[in-house]
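Please read the structure below before turning to the comments.
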């Protein structure tokens, strides 16, 4: 078991499996260590869920900034009503 932990450490340090074979570790041991590392990576929880409160706030700000806020290029009119008048013509 300590051998697998040693191989995991060496893999984390950036050693390639080919280099580990050259150091005398068996391919089986290297495979088991890599599987263990992949399992640990998959068990790590994501930093934040996909639909967080922050994302909702950012989306609200983005809509307000892009659609409701007056723009100087539109004679200080909000874009949404301005484009609605263009569509009605």
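Bear in mind that the values in this text are calculations on the coordinates, not laboratory data. Just so it is clear, the model here is predicted, and its values are computed rather than measured. A quick note on method: Cβ atoms are made from the backbone with ideal geometry, for glycine too, and the neighbour counts reach across all protein chains shown.
Results, tabulated for the structure shown:
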{"item": "Cα long-axis angle, helix 2-12 against the chain (0 to 90 degrees, to the nearest 10)", "result": "40"}
{"item": "Mean Cβ neighbour count within 10 Å, used as a protection proxy, ranking 30-41, 69-80 highest first", "result": "30-41, 69-80"}
{"item": "Using alpha-carbon coordinates, inclination of helix 79-88 to the longest axis of the chain, degrees", "result": "60"}
{"item": "Cα long-axis angle, helix 53-63 against the chain (0 to 90 degrees, to the nearest 10)", "result": "40"}
{"item": "Ranked list, fewest to most other Cβ atoms within 10 Å of each Cβ, for 82, 25", "result": "82, 25"}
{"item": "Exposure proxy ranking, count of Cβ atoms within 10 Å, fewest first, for 54, 7, 21", "result": "54, 21, 7"}
{"item": "Computed Kirkwood radius, in angstrom, where 1/r is averaged over Cα pairs of the chain", "result": "18.1"}
